[in-house]
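The values are calculated or read from the model by the stated rules, or taken from the named source; none is laboratory data. Quick caveat: nothing in here was measured; it's all calculated off a predicted structure. Heads up, the Cβs are rebuilt from the backbone with ideal geometry, glycines too, and the neighbour counts pull from every protein chain shown. Side chains included, ligands, DNA and RNA excluded: accessible areas come from the protein's heavy atoms. Shrake-Rupley method; radii C 1.70, N 1.55, O 1.52, S 1.80 Å.
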Amino acid sequence: MFDGYDSCSEDTSSSSSSEDSEEEVAPLPSSLPIIKNNGQVYTYPDGKSGMATCEMCGMVGVRDAFYSKTKRFCSVSCSRSYSSNSKKASILARLQGKPPTKKAKVLQKQPLVAKLAAYAQYQATLQNQAKTKAAVPVEGFSWGNYINSNSFTAAPVTCFKHAPMGTCWGDISEGVRVEVPNTDCSLPTKVFWIAGIVKLAGYNALLRYEGFENDSSLDFWCNVCGSDIHPVGWCATSGKPLVPPRTIQHKYTNWKAFLVKRLTGAKTLPPDFSQKVSESMQYPFKTSMRVEVVDKTHLCRTRVAVVESVIGGRLRLVYEESEDKTDDFWCHMYSPLIHHIGWSRSIGHRFKRSDITKKQDGHFDAPPHLFMKVKDVDAAGEWFKEGMKLEAIDPLNLSAICVATIRKVLADGYLMIGIDGSEAADGSDWFCYHATSPSIFPVGFCEINMIELTPPRGYAKLPFKWFDYLRETDSIAAPVKLFNKEVPNHGFHVGMKLEAVDLMEPRLVCVATVTRIIHRLLRIHFDGWEDEYDQWVDCESPDLYPVGWCQLTGYQLQPPAPQSSRDSQSSSSKQKKKAKSQQYKGHKKMSSLQLKDELLDGEEYSFLQGASDQESNGSASYYIKQEP
């Protein structure tokens, strides 16, 4: 396993690939010991032992263990096969009119050729992705500096199942060793060294070169999913040089022994880690696909839109009637706001017909199986009915949970909901939630979890009491048992950093913090902005991402707003948003004792003991229980 860890080998030529090489590698300094073996150059700090590559099968191993005096083959069979295939190669060259040369290519075994071709294609794909998905730098902001200077903690990648590597992150943690480029080196060629993860922050890792012990002077941050991060052993199998950093090169005379001792029992990345990263960043939605998406000007209906671009699973959708392609909408491919063509008609949802009578050339309907599936519900028995009251997150003011009413029951468990006191007469501001949506709650959810409930606009009888309001409106509360009470083991904790979509401006992904946790409900604060812009988001929302997601996918990250721009932007670019927040502003939050005293006055309801800001992921009882 440790073969070649102390090597600085640079594959300058080989008998099987020298003619196809397009890159010339600068010669290594003579100060380092060099071992030459049939055209291949291996350099080692100790100069005592080396690695070799079998010229027949390509296997890399300890040179001393190889067959024959020249150490060109790993076994007798490879030596004989090479001899036989060399004759075949010479005959084929003559038949093709090519003069035989000493560097004639060897006809290698088919399995190896297939592997090499696949690996070369995969490396080319990674390089293309690195070029096309280069992150747009944000001047003056660095996640690493931001986290280091404030001792922040970031939410782990495993909290985001929809994000790349979210379901296959494994046990990558502090202490894991990797091979990375050695920047503390004056060699003209690109060399590598082993580093250990000191701290993890989402996809980003703080690395320290092996041998620096407690010296953090050359620590650096990088994205674990980047193209320059490799598992230990990659250099040996790839013929890349391992060179200790110049700062510590004098510390040991036998670096191989040092690495063997330090790496024995250590963890590294899985061998197929980069392949998994590449696979997890393949998205089924393609440009020119047609979907149904919520109409951002009238939430009560959907419209046809076309996928214009896909970045990290996020879709830029252009409404089909937009001639200049500026009327767009951003959302994740797993968003509950997008559906397959025909969805609105199938459940009885309002739909704005397009003036375009036929599909434009190249446009095609997205297959239904690409969209996020909702849970099946049984509406045959006791079910939601029109007029029932509940509490719901206001989609136009995501910092508020409001008094709401079910206005229409659609098919397949979908509900049209309106915010009490602010509904349009024609119902144009109703919005659609599924019955299992984590954005709707039973009556009393806010009270029992000490969340400020926004009362109906214009409601004068404050403080707001559900018992009085239900009597005054001659309404009933939706049964508690119909709501989704499942709480997944999400792993979030208060104070964790992440990257989050500003759902009021869904094209923006911002630096954010988890400030409250109510079972599966998260309060997301945008760093640098006032609390009134906070948003309630579900723990499994596809609009939350690990630290480093923007860098990985090439999406633009919005840094925390500085104080100067915060003051000006609060009164300009976010003026409408602020006005909306003030419009739905509820009464001052009461103390928990006041709440408890008032709730005990009711005769029709009793409360189960709940807790606010729970960080446990268990499904504790936090809903009102209706007595039979």
Item to check | Phi-based couplings in Hz for the range 440-450 (Karplus 6.51, -1.76, 1.60; Gly and Pro marked x) | outcome: 10, 9, x, 4, x, 4, 5, 4, 6, 10, 6
Checklist entry - If you place +1 on the Cβ of every Lys and Arg and -1 on the Cβ of every Asp and Glu, how big does the dipole about the Cα centre of the range 360-496 come out, in debye to the nearest 20? => result 380
Checklist outcome for this item: Everything considered on the Cα gyration tensor (a ≥ b ≥ c; rounded for a/c under 1.5, else prolate if a/b is larger than b/c, else oblate), the range 283-370 must be described as rounded
Item to check | Solvent accessible area, Å² - Glu279, 1.4 Å probe, full protein context | outcome: 110
Checklist entry - With +1 on each Lys and Arg Cβ and -1 on each Asp and Glu Cβ, how big is the dipole of the range 262-388 about its Cα centre, in debye rounded to the nearest 20? => result 340
Item to check | Accessible carbon and sulfur surface of the range 283-370 relative to its total accessible area, %, 1.4 Å | outcome: 50
Checklist outcome for this item: With the charge dipole of the range 496-558 built from beta-carbon charges (+1 for Lys and Arg, -1 for Asp and Glu) about the Cα centre, the Cα from Pro542, Leu508, Phe526 projecting farthest to the positive end belongs to Pro542
Checklist entry - Considering only the range 283-370, what is the antiparallel percent among its DSSP beta bridges, to the nearest 5? => result 85
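Mean separation of Cα pairs under 8 Å and 6+ residues apart, divided by the residue count of the range 283-370: what relative contact order is that in percent? Show your work: numbers first, answer last.
On the way: 163 pairs, mean separation 29.2, N = 88.
Relative contact order for the range 283-370 comes out at 33 percent.
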